[in-house]
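A.B. asks: Sharing a structure here in structure tokens format.
The values are calculated or read from the model by the stated rules, or taken from the named source; none is laboratory data. Just so we're clear, the structure is a prediction, and the values are computed from it rather than from any experiment. Every residue, glycine among them, receives a Cβ derived from its backbone with ideal geometry; neighbour counts consider all protein chains shown. These accessible areas exclude ligands, DNA and RNA; they are computed on the full protein's heavy atoms, side chains included. Shrake-Rupley method; radii C 1.70, N 1.55, O 1.52, S 1.80 Å.
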Amino acid sequence: PHVLSLYFVKTATANQFEFFFREEEAMINGKGLAISHLVRLLADRDADVTRCAIDALREAEDYRALHPLIDLLDTHPDSHVRADALRALGFLRERAAVEPVMRALFADRASRPERQNALIALRRLGSDDSGPMIRRLLDDADDEQALQDIDMLIGLFDLREGTVLTPRNVTRAV
């Protein structure tokens, strides 16, 4: 009973901060005070608690969450947690996240939601390096999921009509 009530306290608190951060007017002065506590919740054993903390940090858009979120990409066993961390990194808009997000995009263990959130995050981070990403995804394109990821990438980076994509070659058609 005690563990269950602690779970609800942690998730409800993180969810409440997510709401406050989204409604910025409510947290203008005290926003910074909550960040360190939310970062600590990222290490919680319960993936749901971690995901709630990620959501709140995403809405806070505070640079202090950058490295703890990046650490989750490499260390957390739950693909949903990693996907949420990738989404949050896109909201932080810190260029230092580009390389770790790129690594996560091409990680062997990356799930479809992880790849999708990585692509979206890269776009939000201002990465215009779509050619190598498409080339790499095409090289790995042996299933429907990879082809859908490529379609998503093309849409995100607003590639113009006339872009020729082949399995080992990405060139601009003249």
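A.B. asks: If we scan the range 111-122, do we find a residue that is exposed (fewer than 15 other Cβ atoms within 10 Å of the Cβ) and within 24 Å of Phe21 (Cα to Cα)?
C.D. replies: No, the conditions are met nowhere in the range 111-122.
A.B. asks: Take the residues in the range 1-17 that are open to solvent by 20 Å² or more (accessible area, probe 1.4 Å) and not hydrophobic (A, V, I, L, M, F, W, C), then tell me which one is modelled with the lowest pLDDT.
C.D. replies: Pro1
Residue-wise test of (1) within 17 Å of Thr13 (Cβ to Cβ); (2) within 11 Å of the chain's Cα centre (by Cα); (3) touching a residue at least 12 places away in the same chain (Cβ under 8 Å).
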position: Ala47; (1), (2), (3): yes, no, yes
position: Asp55; (1), (2), (3): yes, yes, yes
position: Arg58; (1), (2), (3): yes, yes, yes
position: Tyr63; (1), (2), (3): no, no, yes
position: His67; (1), (2), (3): no, no, no
position: Asp78; (1), (2), (3): no, no, yes
position: Arg82; (1), (2), (3): no, yes, yes
